[in-house]
Amino acid sequence: MIAGPRLPPWSPPAVWTQLSTLPESPTRVYFNDSPRGIYRLATSQLCTNKGSTPLPATLSPYPKRTGVGEFFYATANLTNAVKIIPCQEKFTSHSPIIGLLIHYRNGDRACVGQIRFDRLGIEFTVEMFPKLCLWFARTKFKHPYIARVAQFPPRDNEPYQWLDLRWKGRLEWWFSHWQCQVYYESRSSPSLV
């Protein structure tokens, strides 16, 4: 797992330090992020440091710079997923979906965006939903966010843009404290402000 803001390509190269490796058994990792980085980090188990880990390559470009802070980046494969559980922020005026928790056939899990266990919603399973649609809206400041996860795209009279996800391929999620941009199979969510 690599956590922290993903620096834009025009920034000086970052020096990454591996703090520890995680055990093969399930382990919880907690971190408190901010627009400038991670201030607190905790885990239930640590292993010894086993060398450095390079940053994974992204398929999508770094989002257009908008204001203070950098973007965080997460990616997950949807192949062999059995269910997705959205995580929704409840204390803001527009209640955005801030992340997705993905469960796989072999028992593994992955997440994109931010996950808070006290804010998980209803699950969407592969058997019941042949695809998922992420509905995007904009805040009053025009920042895009995921407003809803549904089985079908919005109707023509609804003010949403959408991106449909099949149960295969790689999902990439760029997010800051104000907005997010999602890439899937060379398609992108609405552009950032």
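The values are calculated or read from the model by the stated rules, or taken from the named source; none is laboratory data. Remember, it's a predicted structure, so these values are computed and weren't measured experimentally. No Cβ is skipped: glycine too gets one built from the backbone with ideal geometry, and neighbour counts run over all protein chains shown. SASA here: full protein model, heavy atoms, side chains in, ligands and nucleic acids out. Shrake-Rupley method; radii C 1.70, N 1.55, O 1.52, S 1.80 Å.
Checking each residue in the range 140-159 for being part of a loop (DSSP other than H, G, I, E, B) and under 18 Å from PRO86 (Cα atoms) picks out GLN151, PHE152, PRO153, PRO154. A search for C-beta distances below 7 Å between a residue of the range 156-174 that is among the basic types (Lys, Arg) and any residue that is open to solvent by 80 Å² or more (accessible area, probe 1.4 Å) and outside any strand (DSSP E or B), counting only pairs 6+ apart in sequence or on different chains, returns ARG170/LEU59. Only one of the numbered conditions (1) within 21 Å of TYR62 (Cβ to Cβ); (2) in contact with a His (Cβ under 8 Å, 6 or more places away or on another chain) is violated by SER186, and that is (2). The residue that is nearest to VAL29 (Cα to Cα), among those in the range 117-160 that are within 18 Å of the chain's Cα centre (by Cα) and open to solvent by 100 Å² or more (accessible area, probe 1.4 Å), is PHE117.
Taken over the range 161-172, the criterion of being open to solvent by less than 10 Å² (accessible area, probe 1.4 Å) and under 12 Å from LEU59 (Cβ atoms) is satisfied by LEU171, GLU172. Scanning the range 173-190 for residues that are open to solvent by 50 Å² or more (accessible area, probe 1.4 Å) and not basic (Lys, Arg) returns HIS177, TRP178, GLU185, SER186, SER188.
Within the range 94-107, can one find any residue that is surrounded by fewer than 20 Cβ atoms within 10 Å (Cβ to Cβ), of a type in the set (S, T, N, Q), at pLDDT below 90 and farther than 30 Å from ASP156 by Cα? No, the range 94-107 contains no residue that is surrounded by fewer than 20 Cβ atoms within 10 Å (Cβ to Cβ), of a type in the set (S, T, N, Q), at pLDDT below 90 and farther than 30 Å from ASP156 by Cα. All of (1) modelled with pLDDT of 90 or more; (2) closer than 16 Å to LEU171 by Cα; (3) open to solvent by 60 Å² or more (accessible area, probe 1.4 Å) hold for PRO61 with one exception: (1).
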